[in-house]
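Single-structure report; data block below.
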Amino acid sequence: MARIPSAFIDELLGRVDIADVVGRHVELRAAGPEFKACCPFHSEKTPSFTVSPVKQFYHCFGCGAHGTAISFLMEYDQLDFVEAVETLADMVGVEVPREHSAPDNGPSKALTLALTEVLEHVASHYHAQRETLSDYMAERGLDDTVIARFMVGYSPRRDALALDPKQLIDTGVYIERDDGNHYPRFRERLMFPIRNRKGQVIGFGGRALGDATPKYLNSPETSLFVKGHELYGLFEARQHTRRIRQLVVVEGYMDVISLHQFGFTEVVATLGTATTAEQVRLLFKSTTKLIFCFDGDRAGRAAAWKALGNALPELRDGRELRFLFLPDGEDPDSYVREHGLLGFHDALERAMALEHFLFDHLSSEVGNLDAAGRARLASLAQPMLERMPEGVYRQILNERLQQIVGLSTQRRASRQGGAGQRRAREPSHSSSPRTVQPSRMQRAMACLLHFPQLLHTLPDALTTLPESVPGQALWSMLCATIRAQPDIRPGQLLERFREHEHFAVLHRLAAQHPATAEFDEGFATPELRDALTYLHRDATRKEIAQYKRRLHELSDSEKQSLRRLLSEVAKLPAE
């Protein structure tokens with residue numbers, strides 16, 4: 001399997017200006033040596049998004065978005081790592097080299113490419129047969145533009161594709177019989193190719209034209225296609241909507257296609273399954289606002305409730321979830337054809353906010369909201385709210401719950417059982433909210449991530465931490481990387497660890513101390529020295545204490561080690 005050499009990533013980040021990369025998508029204005037803008041990852045009116053060309057970092061003080069030029073393209077344009085690197089390489093006119101390593105246990109790149117090519121050929125074949133259904137498509141009101149955009153086609157009853165049957169079986173296009181023979185999975189159906197975010201065909205959905213069952217038939221899961229990880233229409237939405245403000249989630253292929261035809265492109269559909277947590281995460285990578293648009297019957301509301309449950313862990317501050325239930329017998333396809341695009345927009349404006357759907361649904365389960373009913377409502381709602389990330393959004397919903405059940409914040413806190421719950425709700429003794437302070441090792445790493453050159457100002461004895469210090473191995477790797485490339489810049493340093501198991505930790509530490517006037521080199525220098533001094537002193541004192549516990553049993557060499565440790569502690573700066 002080919003990989004991109006880390007030396008090339010360093011060179012690439014050294015050649016591109018992160019302000020140029022971000023500036024192609026966001027209007028930046030100069031603010032000293034940095035640039036500022038309204039954050040492209042959440043809605044805001046006052047700029048809190050900062051870009052530092054010196055450090056090659058961007059940071060948002062509002063939502064916490066942080067990273068390098070590669071990270072920005074991955075988040076903003078929804079690219080994977082390789083695609084982002086290739087995009088940057090195109091900007092500076094260089095070719096991306098590859099290193100080859102042993103293959104992993106997953107499907108090989110060659111196999112994946114071959115199977116996607118097979119599916120592209122099949123999709124083109126079905127699309128070429130569309131004239132068979134020209135009358136049907138005209139009756140459904142589909143024009144040539146939208147048919148071509150989604151490659152809508154037709155699967156004949158007897159189909160002899162001039163392709164390897166084994167690959168057609170592997171892609172789910174053919175079904176293999178017990179006797180080794182095979183036959184087409186899709187016969188006499190309106191065909192909808194399913195694309196991934198790159199635009200590659202990975203599967204199909206087929207709609208029966210007559211009374212055949214099931215009405216909709218999807219490709220089986222394959223090495224390319226996992227239903228719960230994909231969304232129909234997401235590629236097309238990104239292609240035809242430069243900046244996605246919201247995404248409407250519907251249930252049917254025709255819903256997506258009809259809305260596109262009427263000019264509404266911010267729409268995707270699930271693939272015959274309830275909305276999964278993976279799909280919610282994928283959706284929130286493209287936008288901060290989701291509207292689930294389902295039928296208003298019991299099945300539609302059940303689907304919406306399942307979607308809500310899977311979305312709760314992703315609802316950090318700045319994200320929004322709403323629900324639109326159409327009248328009985330209506331779906332988005334029929335609704336937009338009857339009421340037009342303006343009518344559909346009006347319906348979206350009336351979509352129910354998360355809190356209304358959540359508490360209305362639970363209230364209907366509880367029934368009578370007497371004292372016992374309100375207590376039951378609280379017992380049902382509280383575990384759900386605790387699945388949300390901590391923040392203002394969760395706090396507001398908790399306050400709304402307290403209003404519904406008739407408890408003030410003070411009374412509710414006093415009735416919570418368990419010391420852990422009380423600590424979570426009672427104010428701290430200070431006037432500011434209680435926050436978890438980073439450890440000294442984390443502070444030292446954050447300083448080094450922002451100012452790698454500070455390592456060269458420290459004595460080796462101070463940077464060489466004892467193995468007993470938590471995080472010592474990762475710290476040593478950071479130091480070794482900087483020593484190997486003395487002029488490495490912060491963005492390059494962070495990208496060196498993208499494939500490391502602790503990349504998420506380093507990314508979070510870099511984001512905790514963004515490029516601001518308050519966190520400059522003058523602040524970081526004593527911060528780094530103090531943290532390392534403490535870590536050395538603490539580890540050494542613990543080792544001394546271990547020796548002293550068995551002082552009368554020490555050998556001559558152990559006594560010598562103890563004297564050395566006592567001498568080292570004495571040489572450290574005073575606390």
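FYI, it's all coordinate maths here, none of it is from the lab. What you see is a predicted model; the values in this text were computed from it and never measured. With ideal geometry, Cβ positions are generated from the backbone for all residues, glycine too; neighbour counts draw on all protein chains shown.
Tabulated results
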{"read-out": "Least to most buried among Asp170, Asp538 (fewest other Cβ within 10 Å first)", "value": "Asp538, Asp170"}
{"read-out": "Residue-averaged [θ]222 nm for the chain, counting only DSSP H segments that reach four residues, each worth -39500 (n - 2.57)", "value": "-14500 deg cm²/dmol"}
{"read-out": "In order through the range 269-280: 3J(HN,Hα) via Karplus (6.51 cos²θ - 1.76 cosθ + 1.60), integer Hz, x for Gly, Pro", "value": "10, 6, 10, x, 10, 5, 4, 9, 4, 5, 5, 4"}
{"read-out": "Label-point separation in nm, Asp530 to Ala461, each point 7 Å along Cα→Cβ", "value": "2.3"}
{"read-out": "Exposure proxy ranking, count of Cβ atoms within 10 Å, fewest first, for Cys60, Cys479", "value": "Cys479, Cys60"}
{"read-out": "Antiparallel DSSP beta bridges within the chain, percent to nearest 5", "value": "70"}
{"read-out": "For Phe57, distant residues with modelled amide H under 5 Å away", "value": "Ser52"}
{"read-out": "D (Stokes-Einstein, µm²/s), Kirkwood Cα radius, the range 440-571, 0.890 mPa s at 25 °C", "value": "152"}
{"read-out": "Dipole moment magnitude, nearest 20 debye, the chain about Cα centre, only Lys, Arg, Asp, Glu C-beta charged", "value": "2160"}
{"read-out": "Ala114-Phe81 FRET efficiency (beta carbon distance; Förster radius 22 Å; 0.05 resolution)", "value": "0.45"}
{"read-out": "Top positive-direction residue, dipole computed over the chain with Cβ charges, set Asn310, Ile4, Phe323", "value": "Asn310"}
{"read-out": "Whole-number percent relative contact order across the chain, with pairs defined as alpha carbons under 8 Å at least 6 apart", "value": "11"}
{"read-out": "Orientation-averaged projected area, Cα convex hull of the range 109-225 (nm²)", "value": "7.8"}
{"read-out": "Rounded to 10°, Cα long-axis angle of helix 298-311 versus longest principal axis of the chain", "value": "20"}
{"read-out": "Whole-number D in µm² s⁻¹ for the range 226-350, Kirkwood Cα-pair radius fed into Stokes-Einstein, 25 °C, 0.890 mPa s", "value": "171"}
{"read-out": "For Asn218, residues with placed amide H under 5 Å, excluding near neighbours", "value": "Gly206"}
{"read-out": "Cα long-axis angle, helix 371-385 against the chain (0 to 90 degrees, to the nearest 10)", "value": "80"}
{"read-out": "Note, ³J(HN,Hα) from phi for the range 114-123, Karplus 6.51, -1.76, 1.60, rounded to Hz, x at Gly and Pro", "value": "5, 5, 5, 5, 4, 5, 4, 5, 5, 4"}
{"read-out": "Any cysteine of the chain lacking a neighbouring Cys Cβ under 4.7 Å - listed by number", "value": "Cys38, Cys63, Cys293, Cys447, Cys479"}
{"read-out": "Kirkwood-based Rg to Rh ratio, the chain, C-alpha trace", "value": "1.04"}
{"read-out": "From phi via Karplus (6.51, -1.76, 1.60), per-residue ³J(HN,Hα) for the range 221-238 in Hz, x at Gly/Pro", "value": "5, 9, 5, 9, 10, 10, 3, x, 10, 10, 9, 6, x, 5, 4, 5, 4, 6"}
{"read-out": "Among Thr213, Leu458, Ser134 the positive-end extreme of the charge dipole of the chain (Cβ point charges)", "value": "Leu458"}
{"read-out": "Order of Asp487, Asp530, Asp77, Asp179 - criterion: other Cβ atoms within 10 Å of each residue's Cβ, fewest first", "value": "Asp179, Asp487, Asp77, Asp530"}
